[in-house]
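Enquirer: Starting off with a structure, shown below.
The values are calculated or read from the model by the stated rules, or taken from the named source; none is laboratory data. A quick note: this is a predicted structure, and the numbers were derived from the prediction, not measured. We place every Cβ from the backbone using ideal geometry, glycine too, and count neighbours over all the protein chains shown. Surface accessibility is based on the protein's heavy atoms, side chains included, excluding ligands, DNA and RNA. Shrake-Rupley method; radii C 1.70, N 1.55, O 1.52, S 1.80 Å.
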Amino acid sequence: MKLIQTRQVHGTIRVPADKSISHRSIMFGALAKGTTTVRNFLYAEDCLSTLKAFEDLGVLITKHPDGMLEIEGVGLDGFKQPIHPLDMGNSGTTTRLMMGILAKQPFDITLIGDASLSKRPMGRVMNPLNQMHASITGVNESEFAPLTIHKNDTLYPMEYTMPVASAQVKSAILFAALQADGTTLVHEKEASRNHTEEMIRQFGGQIEVNERTISITGPQELVAQDVTVPGDISSAAFFLVAGAIAKNSELTLENVGINPTRTGILDVLTQMGANLAITNVDTQNQAADLIIGSSELEATTIEGEIIPRLIDELPVIALLATQAKGVTVIKDAQELKVKETNRIDATAMELQKLGADITATEDGLIIKGPTALHGGQVDSHKDHRIGMMLQVAALLTDDVIELTDPEAVAISYPHFFDDFKRIATNPEQTL
Ligand code: S3P
């Protein structure tokens with residue numbers, strides 16, 4: 001596909017709903033007793049994998065014409081044995097959280113996924129859950145999908161120190177801990193997104209968080225709630241970078257989630273000198289409007305504790321750094337290698353094709369700027385965030401950029417190209 005060509009962006013975008021919270025709204029809705037309503041659910045491929053998996057487990061989910069969802073919760077022991085393997089599609093979040101949710105069921109369940117998902121490491125979830133007396137195996141004794149969650153009638157609590165900063169691993173353990181007899185302690189070295197902890201509380205559960213230690217005592221019953229999902233800051237990130245790197249531009253992004261475990265990109269934009277304002281803060285729903293304008297950017301170093309707070313935004317932050325004065329260094333981001341694709345290599349390879357001065361390292365990227373970009377033939381690597389980053393890169397050249405596998409954007413943002421077209425200004429028309 002030929003990417004949209006424009007040098008300027010203007011206007012207002014309401015980015016789609018948060019992917020992490022949308023997945024969890026179905027999961028908690030299914031596990032709670034009663035009817036949960038979800039407003040502003042993300043109808044994108046990843047979250048639909050979660051929705052379908054719960055339907056296959058016998059959970060009744062009604063999709064109203066206005067987009068609202070109603071989930072008839074079945075509790076922790078109300079699932080029906082699915083008649084075929086549950087298809088996780090491309091979704092690592094669905095797979096890993098399901099392993100915790102389904103760790104204590106009276107029947108075997110198999111999880112399958114697409115080619116990318118079947119290469120992603122699952123030992124990081126299988127191992128701690130199996131320590132709790134779950135029995136989860138990968139194909140041919142590997143850690144890879146297809147995975148079988150064997151029937152199991154007991155889960156033990158445990159004390160666990162997270163070897164990697166991963167909200168997916170943490171969440172899987174917390175879902176299992178809700179079903180275990182006794183108190184589970186999870187120690188995090190670096191804070192990862194805390195939506196699961198917040199939603200356990202929202203659904204009437206008991207959970208304590210002290211510094212980096214989470215304490216949860218099972219078994220617990222959850223109670224249905226009304227959930228309103230805010231916009232996804234990880235989707236807003238593409239427009240934040242677009243507004244900052246395009247000349248004579250300004251964008252307003254409405255109702256963006258600003259949970260502090262997710263806002264690393266706002267800190268980096270500020271650090272780099274971007275023209276960013278945060279307005280209309282809604283503390284109740286942890287959301288705000290973000291206004292971004294063309295910016296004179298300075299290079300920075302991104303490392304350590306901030307990494308989990310912007311992990312999904314790093315490909316587009318690397319693009320941002322190509323327009324900053326100096327050398328930007330991204331370190332401690334080796335987790336990028338095990339995302340939907342190896343995002344360190346894919347980001348470096350694709351931006352190099354367009355003329356960027358960017359080098360992949362063992363745990364990150366080194367980017368020298370500012371550089372002018374040019375056209376070329378690029379590839380999304382079937383990764384939604386790489387595809388969207390490359391459309392934003394197209395703002396920096398008048399040349400044609402052809403993108404292979406653009407449809408990957410539908411994983412998190414099905415209308416991304418339509419929204420981008422809407423804010424694209426044809427410079428000729430503005431003269
Ligand atoms: C997610 C956690 C992160 C993130 C992913 C969504 C979640 O993954 O990259 O897009 O919803 O819990 P890790 O837990 O593997 O870091």
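Enquirer: Restricting to the stretch 298-322, name every residue that is more than 22 Å from Glu254 (Cβ to Cβ), surrounded by fewer than 24 Cβ atoms within 10 Å (Cβ to Cβ) and among the aliphatic types (A, V, I, L, M).
Expert: Ala299, Ile306, Ile307, Ile311
Enquirer: So which residues in the stretch 91-108 are part of a loop (DSSP other than H, G, I, E, B) and away from the ligand (no atom under 11 Å from the Cβ)? Can you show your working first?
Expert: The initial filter retains those residues of the stretch 91-108 that are part of a loop (DSSP other than H, G, I, E, B), namely 91, 102-108.
Answer for the stretch 91-108, where residues must be part of a loop (DSSP other than H, G, I, E, B) and away from the ligand (no atom under 11 Å from the Cβ): Leu102, Ala103, Lys104, Gln105, Pro106, Phe107, Asp108.
Enquirer: Thr270: open to solvent by 20 Å² or more (accessible area, probe 1.4 Å) and in contact (Cβ under 8 Å) with a residue 60 or more places away in the chain, yes or no? Spell out the reasoning first.
Expert: Details: open to solvent by 20 Å² or more (accessible area, probe 1.4 Å): yes; in contact (Cβ under 8 Å) with a residue 60 or more places away in the chain: no.
No.
Enquirer: Among the numbered criteria (1) open to solvent by 10 Å² or more (accessible area, probe 1.4 Å); (2) over 23 Å from Ser116 (Cβ atoms); (3) of a type in the set (A, V, I, L, M), which one does Ala360 miss?
Expert: For Ala360, the exception is condition (2).
Enquirer: Between a residue in the stretch 223-234 that is within 15 Å of the ligand (Cβ to nearest atom) and any residue that is open to solvent by 50 Å² or more (accessible area, probe 1.4 Å) and part of a loop (DSSP other than H, G, I, E, B), which pairs come within a Cβ distance under 7 Å, given they are 6 or more apart or on different chains?
Expert: Within 7 Å, the pairs are Val229/Asn40; Pro230/Asn285; Pro230/Gln286.
Enquirer: I want to confirm something. Restricting to the stretch 128-180 and keeping residues that are among the aliphatic types (A, V, I, L, M) and open to solvent by 30 Å² or more (accessible area, probe 1.4 Å), which single residue is nearest to the chain's Cα centre (by Cα)? It would help to see each step written out before you state the result.
Expert: Quick first cut of the stretch 128-180, residues among the aliphatic types (A, V, I, L, M) only: 129, 132, 134, 136, 139, 145, 147, 149, 155, 158, 162, 164-165, 167, 169, 172-174, 176-178, 180.
Still in the running and open to solvent by 30 Å² or more (accessible area, probe 1.4 Å): 139, 164-165.
Working: Val139: 26, Val164: 16, Ala165: 14 Å.
Filtering the stretch 128-180 for residues that are among the aliphatic types (A, V, I, L, M) and open to solvent by 30 Å² or more (accessible area, probe 1.4 Å), the one nearest to the chain's Cα centre (by Cα) comes out as Ala165.
Enquirer: Quick check: is even one residue across the stretch 51-73 farther than 18 Å from His415 by Cβ, at pLDDT below 95 and in contact with a Pro (Cβ under 8 Å, 6 or more places away or on another chain)?
Expert: No; the residues of the stretch 51-73 include none that is farther than 18 Å from His415 by Cβ, at pLDDT below 95 and in contact with a Pro (Cβ under 8 Å, 6 or more places away or on another chain).
Enquirer: Please verify whether the stretch 102-111 includes one or more residues that are of a type outside the set (Gly, Ala, Ser), at pLDDT 95 or above, within 22 Å of the chain's Cα centre (by Cα) and surrounded by fewer than 21 Cβ atoms within 10 Å (Cβ to Cβ).
Expert: As a first pass, look at the stretch 102-111 and keep what is of a type outside the set (Gly, Ala, Ser): 102, 104-111.
The next check asks that each one be at pLDDT 95 or above; those that pass are 102, 104-111.
Next, only the ones that are within 22 Å of the chain's Cα centre (by Cα) stay: 102, 111.
Narrowing the set further to residues that are surrounded by fewer than 21 Cβ atoms within 10 Å (Cβ to Cβ) leaves none.
No, the stretch 102-111 has no match at all.
Enquirer: Pick from the stretch 283-304 the residues that are among the acidic types (Asp, Glu) and over 22 Å from the mean Cα position of the chain (by Cα): which of them is nearest to Gly243 (Cα to Cα)? Spell out how you get there, then give the answer.
Expert: Step one: filter the stretch 283-304 for residues among the acidic types (Asp, Glu), giving 289, 296, 298, 303.
Filter once more, keeping what is over 22 Å from the mean Cα position of the chain (by Cα): 296, 298.
On the way: Glu296: 12, Glu298: 16 Å.
Here the answer is Glu296.
Enquirer: Has the stretch 246-262 got any residue that is among the small types (Gly, Ala, Ser), in the same structural domain as Gly369 (by TED's automatic domain parsing), over 30 Å from Thr425 (Cα atoms) and within 16 Å of the ligand (Cβ to nearest atom)? Before you say what the answer is, go through the steps one by one.
Expert: Within the stretch 246-262, the subset among the small types (Gly, Ala, Ser) is 246, 249, 257.
Next cut, in the same structural domain as Gly369 (by TED's automatic domain parsing) only: 246, 249, 257.
Then drop every residue that is not over 30 Å from Thr425 (Cα atoms), which leaves none.
No, the stretch 246-262 contains no residue that is among the small types (Gly, Ala, Ser), in the same structural domain as Gly369 (by TED's automatic domain parsing), over 30 Å from Thr425 (Cα atoms) and within 16 Å of the ligand (Cβ to nearest atom).
Enquirer: Just to be sure I understand, how many residues within the stretch 1-35 are crowded, with 17+ Cβ neighbours inside 10 Å, closer than 30 Å to Ala372 by Cα and of a type in the set (Lys, Arg)?
Expert: Here the count works out to 1.
Conditions tested, residue by residue: (1) without any contact (Cβ under 8 Å) to a residue 60 or more places away in the chain; (2) touching an Asp or Glu at 6+ places or on another chain (Cβ under 7 Å).
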| residue | (1), (2) |
| --- | --- |
| Ala277 | yes, no |
| Val281 | yes, no |
| Ala288 | yes, yes |
| Ala299 | no, no |
| Glu305 | no, yes |
| Pro315 | no, no |
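Enquirer: Cβ-Cβ under 7 Å, sequence separation 6+ or interchain: first residue in the stretch 18-39 and in contact (Cβ under 8 Å) with a residue 40 or more places away in the chain and within 13 Å of the ligand (Cβ to nearest atom), partner of a type in the set (S, T, N, Q) and open to solvent by 10 Å² or more (accessible area, probe 1.4 Å). Which pairs?
Expert: From residues that are in contact (Cβ under 8 Å) with a residue 40 or more places away in the chain and within 13 Å of the ligand (Cβ to nearest atom), the pairs are Ser20/Thr93; His23/Thr93.
Enquirer: Consider His187 carefully, then state whether it is at pLDDT 95 or above, in contact with a Phe, Trp or Tyr (Cβ under 8 Å, 6 or more places away or on another chain), surrounded by fewer than 18 Cβ atoms within 10 Å (Cβ to Cβ) and within 25 Å of Gln334 (Cα to Cα). Write out each step before concluding.
Expert: Details: at pLDDT 95 or above: yes; in contact with a Phe, Trp or Tyr (Cβ under 8 Å, 6 or more places away or on another chain): yes; surrounded by fewer than 18 Cβ atoms within 10 Å (Cβ to Cβ): yes; within 25 Å of Gln334 (Cα to Cα): yes.
Yes, satisfied.
Enquirer: Is it the case that the stretch 383-394 has a residue that's farther than 21 Å from Gln168 by Cβ and surrounded by fewer than 16 Cβ atoms within 10 Å (Cβ to Cβ)?
Expert: no
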